[in-house]
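Asks: Before we start, here is the structure in question, set down as structure tokens.
The values are calculated or read from the model by the stated rules, or taken from the named source; none is laboratory data. What you see is a predicted model; the values in this text were computed from it and never measured. We place every Cβ from the backbone using ideal geometry, glycine too, and count neighbours over all the protein chains shown. Quick note on the areas: whole protein, heavy atoms, side chains included, nothing else; ligands and nucleic acids left out. Shrake-Rupley method; radii C 1.70, N 1.55, O 1.52, S 1.80 Å.
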Amino acid sequence: MGFENIGISRITKRLALLCVISMLASCTNNVAIRGTFPKPLVAKQPIVLGLYYSNEFKNFKYIRDSYQGTDWYIELGYPSVQLFDQIFGSMFESVEQLKSRPDEMSPALHVNAIAAPKINDFAMLAPDDSALDFFSVSFKYQIDFLTPEGNLIHTWSFVAYGKARWHFFDEDESVREATMMALRDAAATLALDYHKQVPFIDWLDRGSHTQLTETVSDNY
Amino acid sequence: MFCIRLTLTNCAICTMLGVSILIQGCVTSRIEEFHRTSSGAGLADGESVVILTRRDHTTDETEDSFHKCLHNQLVKGASGIDVKREDEFVDSMFPFFEPRLAPANPQALPKLLARPGVVDQIALIGVRYLIWIDGDTQTVDQGGSMSCALSPGGGGCLGMNWWERESSYEASIWDLKTAEVAGTISADATGTSYMPALIIPIPLIARPGAAACKGLAVQIRQFFAPKAGQG
């Protein structure tokens, strides 16, 4: 009987320790966002576009430490790269990722122009904050359009929103849904508001890209 | 002896659950339907519909469960309608049916249809009608009280709770061929649920949402049913 008491006591202590560890581990939510974007119903632009993603953009994360409530760690760089790759890939004749930002010394002459996106801000409103039953997120994106030599032509800033119902037993899924909705909203803005970026389109129309194309052809 | 007592307890619980499942069919639900048709509607061979719900960032959304219920009610049976999935339709028409960009009213349809590639894509998908669903189910009143206690010797509850839920939904049917509203159908249902407790709470749940869904589906089926004299 004495041995049985010691065994039950040890099991109880271990179970209690396991429960405490589980509770502590569940206070931080690590969320990975994965998804694809549909091809937009817009006309393709006859442009070869270079895409430059800085390390800051590729590794962008949202980290939220709450004094009370859930902590959040959301990786946003990877899905943002997917967003621009897929949407610009559908909008332009050809896109190419550049390994480094071009400049006068090392221009990217094989492309007509370059887009360098940035994430200026990401915000999330949780049910804990708003007493509502949904999560909402917003991205503040900025795209710098550059010449092949890296000179700034035009900057385009926009905000994208997403909202999703709060799933009581799966908050990660709620955040994932809200973030994907915001990314799709960003994709929609890219597809439909591109034609409003007049300084960049005027620069392209002035024939600068045609001259560059001819220059590239001559080099070959 | 303990095993016999456990078996008897399980039997009692199962019996009460079975009774509550049978009784819930007797809970009061009321359906009101309003059907206004501005022109005849029918689905030709190869034509389909899609059920859409508003998902913009400001309004309350219709429940996914209602959307799923309506979809299942419309497709089932020999006289089922060809209903495309909402997510496939929205992806095919990207980005024109994203929450922020979806046409808010039928007056916006001509502008959407004038965009290059949209009409061709709609013809490719085969969707003729959009069915926009608005509305939700809410608790409008509640009352009663219940106390529960648990002790090493046993436990149980005593009292009664009740709550009244109201479901109000509207289906607006847009014809993509004429770029007009083909019809509007509304369904309202109310139901009061009870939970008396004598040791064990017995849920008697009214489901006005399900009743509204079935009522709306019946009306939508009739709306698209072939008219007399038509092929």
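Asks: Amide H to amide H under 5 Å from B:MET93: which residues, 5+ apart in sequence or cross-chain, H placed 1.01 Å off N in plane?
Replies: Amide H neighbours of B:MET93: none.
Asks: Can you divide the C-alpha Rg of segment A:84-126 by 2.2 N^0.38 Å and report the result to two decimal places?
Replies: Working: Rg = 14.2 Å, N = 43, 2.2 N^0.38 = 9.2 Å.
Dividing the Cα Rg of segment A:84-126 by 2.2 N^0.38 Å gives 1.54.
Asks: Next up: Mind listing the long-range amide H neighbours of A:SER66? Cut-off is under 5 Å, sequence gap 5 or more, other chains count too, H placed in the peptide plane at 1.01 Å from N.
Replies: When sequence neighbours closer than 5 places are left aside, the close amide H contacts are A:ASP71, A:TRP72.
Asks: What figure in square angstrom, to the nearest 10, would you give for the accessible area of B:LYS214 with a 1.4 Å probe?
Replies: Approximately 100 Å² of B:LYS214 is accessible to the 1.4 Å probe.
Asks: Can you give the translational diffusion coefficient of segment B:116-171 in µm²/s, computed by Stokes-Einstein from the Kirkwood radius over Cα pairs at 20 °C and 1.002 mPa s?
Replies: 129
Asks: In peptide B:94-105, what is the residue-averaged number of other protein chain Cβ atoms found within 10 Å of each Cβ? Display every interim value, and only then the final one.
Replies: Values: counts 12, 14, 5, 1, 9, 7, 8, 5, 0, 0, 0, 0.
Counting Cβ atoms of other protein chains within 10 Å of each residue's Cβ and averaging gives 5.
Asks: Also: Just going by the charge dipole of segment A:100-169, with Lys and Arg at +1 and Asp and Glu at -1 on Cβ, which of A:ILE153, A:PHE135, A:VAL111 is farthest out on the positive end?
Replies: It is A:PHE135.
Asks: Would you list B:SER48, B:SER186, B:SER147 from the most to the least accessible area, probe 1.4 Å?
Replies: Greatest to least solvent exposure: B:SER147, B:SER186, B:SER48.
Asks: What figure in square angstrom, to the nearest 10, would you give for the accessible area of A:MET181 with a 1.4 Å probe?
Replies: 50
Asks: Another question, if that's okay. Run the quick spin-label model on B:SER48 and A:ALA43: label points 7 Å from Cα toward the beta carbon, then report their separation in nm to one decimal.
Replies: Label at B:SER48, label at A:ALA43, 3.0 nm between them.
Asks: Right, another one. Whenever you get a sec, compute what percent of the accessible area on segment B:92-184 sits on carbon and sulfur atoms (1.4 Å probe).
Replies: The nonpolar share, carbon plus sulfur, comes to 52 percent.
Asks: Sort A:HIS167, A:HIS195 from largest to smallest accessible area, using a 1.4 Å probe on the heavy atoms of the protein chains.
Replies: Putting A:HIS167, A:HIS195 in descending order of accessible area: A:HIS195, A:HIS167.
Asks: Among A:VAL48, A:GLN86, A:GLN97, whose Cα projects farthest towards the positive end of the dipole of segment A:30-105, with charges put on the beta-carbon of Lys, Arg (+1) and Asp, Glu (-1)?
Replies: Ranked along the dipole, the leading option is A:GLN86.
Asks: Further question: Give the peptides B:132-138, B:84-90, A:131-137 in descending order of average Cβ contacts within 10 Å, highest first.
Replies: B:132-138, A:131-137, B:84-90
Asks: Taking every pair of alpha-carbon atoms in segment B:150-196, give the share separated by more than 13 Å as a whole percent.
Replies: Everything past 13 Å amounts to 74 percent.
Asks: I'd like the mean, over residues of A:186-193, of how many other protein chain beta carbons sit within 10 Å of each residue's own Cβ.
Replies: Counting other chains' Cβ atoms within 10 Å and averaging over A:186-193 gives 3.
Asks: Residues of segment B:81-209: accessible area per residue at 1.4 Å, in Å²?
Replies: Here the per-residue accessible area is 49 Å².
Asks: Tell me, which residues of segment A:131-178 get at least 10 Å² less accessible area when the other protein chains come in, versus the chain alone (1.4 Å probe)?
Replies: A:TYR161, A:LYS163, A:ARG165
Asks: Okay, moving on. With a 1.4 Å probe, what is the total accessible area buried between chains A and B, in Å² rounded to the nearest 100?
Replies: Approximately 1500 Å², summed over both chains.
Asks: What are the ³J(HN,Hα) values, in whole Hz, obtained from phi via the Karplus relation 6.51 cos²θ - 1.76 cosθ + 1.60 with θ = phi - 60°, for each residue of segment B:205-214 in sequence order, with x given for Gly and Pro?
Replies: 9, 7, 10, x, x, 5, 5, 5, 4, 5
Asks: When only the heavy atoms of the protein chains count and the probe is 1.4 Å, how do A:PHE168, B:PHE97 rank by accessible area, highest first?
Replies: A:PHE168, B:PHE97
Asks: Could you point to the residue in B:VAL50, B:ASN72, B:GLN142 farthest towards the positive end of segment B:50-143's charge dipole, with +1 and -1 charges on the Cβ of Lys/Arg and Asp/Glu respectively?
Replies: Towards the positive end, the residue furthest out is B:VAL50.
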